[in-house]
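A.B. asks: I am attaching a structure below and will ask some questions about it afterwards.
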Amino acid sequence: MNYSSARAAMLEAWKTLTRRRDDFAIGFAQPIASAFVEEIHNIEDLPLPSNAPDFLDAKAAYCRARWMGPGRGWLDPVAEKKGAILGMNAGLSTLEMEAAENAGEDWEEMLDERAREIEAFKERGIPLPEWAEPAPQQQTNRGSGEWE
């Protein structure tokens, strides 16, 4: 089996698995989580932030969750990660989408971890890795009539 065949088979299976995962989250996990939050609210009388709507008036907002399962993984990590970067740079994908789908991770937790790692490098006097360096400023020729 070559790479293209393996990738096609994996993507086809992934469609089915993500649909089943989403069905499970919507039909089973979310109702249980919502009932749990509502029960805690009723029993514990948890205080809401000032000026916040009543729990029952905004139950969907208070119980909102994004259910993430394991990531898809990669057959060819280099090519697929390059593709993810191209998709994000073209505005066709986001860090949130790529982190959840490929790694099964929360993008905000990834950014928090990156910030801690950069701080740890600086505290120890270790040169920052390439990914932590500021991006060079690109010059544009806007308004000059020239194409970049």
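A.B. asks: Tally up the residues in segment 53-64 that are modelled with pLDDT under 90, loosely packed, with under 15 Cβ neighbours inside 10 Å and among the hydrophobic types (A, V, I, L, M, F, W, C), please.
C.D. replies: The number of residues fulfilling the criteria is 1.
A.B. asks: Is there any pair linking a residue in segment 60-72 that is in contact (Cβ under 8 Å) with a residue 24 or more places away in the chain to one that is assigned to a loop (DSSP other than H, G, I, E, B) and of a type in the set (A, V, I, L, M, F, W, C), with Cβ under 7 Å and at least six apart or on different chains, and which?
C.D. replies: Note: pairs meeting the criteria are Y62/F55.
A.B. asks: List pairs: first in segment 85-107 and closer than 18 Å to W67 by Cβ and at pLDDT below 95, second of a type in the set (A, V, I, L, M, F, W, C) and not in a helix (DSSP H, G or I), Cβ under 8 Å, 6+ apart or cross-chain?
C.D. replies: A100/M68; N102/W74; G104/M68; E105/M68; D106/M68
A.B. asks: Out of the residues in segment 1-12 meeting the condition of being in a helix (DSSP H, G or I) and either more than 21 Å from the chain's Cα centre (by Cα) or assigned by TED's automatic domain parsing to the domain that holds E80 (or both), tell me which one is surrounded by the most Cβ atoms within 10 Å (Cβ to Cβ).
C.D. replies: In this case the residue turns out to be R7.
The values are calculated or read from the model by the stated rules, or taken from the named source; none is laboratory data. The model shown is predicted, which means the values in this text are computed figures rather than measured ones. Neighbour counts are summed over all protein chains in view; Cβ atoms, including those assigned to glycine, are modelled from backbone coordinates with ideal geometry.
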